[in-house]
Amino acid sequence: MQAIVDLAQSNGGLVTTGQVVDAGIPRARISDMVKKGELERVQRGVYCLADTWEDEFLSTQLRFPKGVFSDSTALYLHGFTDRTPFQLTMTFPRSYRATKARESGIKVRTCANDVLELGLTNVKTSYGNQVRAYDLERTLCDIVRGQRVVDVQVVNPAMKQYVRSNEKDIQKLLDYARTLGVEKKIRNYLEVLL
């Protein structure tokens, strides 16, 4: 059981059934630890140590490792909105069957394989754990592109904050916008704000 604790501690207090099995530990040990109150079930196949606060972003990433946090969820992770996501958004490959993700309440986006890794990065959650998300430039493009009606209460403040940021990379933003087919929309925002 100490091996399971060690696995969890090295992973932000969380451990998956798959990680336990891959380590050669019988999955029945998880049930034993849950019964003793040493582990708590967070989601299907994801457990946390009893004395650990659950990091919803990390547990979701562990359950759906092919997903990438995107749209307003990525914006939140980057600190460019103070709106805590009511529903987490993840982007998956088009070929991925995301039924389980949808059933667990995730807003599912899909994209073509040729742009799936465009802007992919690791971001720290408020608990200090690393999760996969799109970088800020890709996130801004996705928010502008991903909805028929753009939520101006989210996009406008994020774009204003981005333009004032010392870490902005306008050329990268325009390159991504061109690749994702939203260059005109992004240029319209930039012309107003710059």
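Selection of first residues in the range 1-26 that are more than 25 Å from Thr125 (Cβ to Cβ) and of second residues that are outside any loop (DSSP other than H, G, I, E, B), restricted to Cβ pairs under 8 Å at least 6 apart or on distinct chains, gives the following pairs, ordered by first then second residue: Met1/Arg29; Met1/Asp32; Met1/Met33; Ile25/Ala3; Ile25/Ile4. Screening the candidates Leu118, Leu75, Leu140 for the property of being among the hydrophobic types (A, V, I, L, M, F, W, C), under 30 Å from Lys168 (Cα atoms), part of a loop (DSSP other than H, G, I, E, B) and modelled with pLDDT of 90 or more yields one hit, Leu118. Scanning the range 55-69 turns up at least one residue that is loosely packed, with under 13 Cβ neighbours inside 10 Å, in the same structural domain as Asp175 (by TED's automatic domain parsing) and outside any helix (DSSP H, G or I). Test Tyr162 against the criterion of being of a type in the set (Phe, Trp, Tyr), in contact (Cβ under 8 Å) with a residue 60 or more places away in the chain and over 29 Å from Glu54 (Cβ atoms), and give yes or no. It is true that Tyr162 is of a type in the set (Phe, Trp, Tyr), in contact (Cβ under 8 Å) with a residue 60 or more places away in the chain and over 29 Å from Glu54 (Cβ atoms). Among residues of the range 175-194 being under 23 Å from the mean Cα position of the chain (by Cα) and more than 13 Å from Val155 (Cβ to Cβ), the one that is surrounded by the fewest Cβ atoms within 10 Å (Cβ to Cβ) is Gly181. The number of residues in the range 84-115 that are part of a loop (DSSP other than H, G, I, E, B) and over 19 Å from Asp55 (Cα atoms) comes to 6.
Among the conditions (1) in contact (Cβ under 8 Å) with a residue 24 or more places away in the chain; (2) part of a helix (DSSP H, G or I); (3) among the charged types (D, E, K, R), the only one that Arg132 does not satisfy is (2). Residues in the range 100-114 that are surrounded by fewer than 16 Cβ atoms within 10 Å (Cβ to Cβ) and farther than 19 Å from Val46 by Cβ: how many? The number of residues fulfilling the criteria is 4. If you go through the range 20-54 and keep only what is surrounded by fewer than 16 Cβ atoms within 10 Å (Cβ to Cβ), outside any strand (DSSP E or B) and either among the charged types (D, E, K, R) or touching a Gly at 6+ places or on another chain (Cβ under 7 Å) (or both), you end up with Asp22, Arg27, Arg29, Asp32, Lys35, Lys36, Arg44, Ala50, Asp51.
As a summary of the residue check, Arg164 satisfies the conditions (1) among the charged types (D, E, K, R); (2) modelled with pLDDT under 90; (3) over 27 Å from Lys66 (Cβ atoms) except for the one numbered (2).
The values are calculated or read from the model by the stated rules, or taken from the named source; none is laboratory data. Given the structure is predicted, the values throughout are model-derived calculations rather than measurements. Positions of Cβ are backbone-derived with ideal geometry, glycine not excepted, and every protein chain shown enters the neighbour counts.
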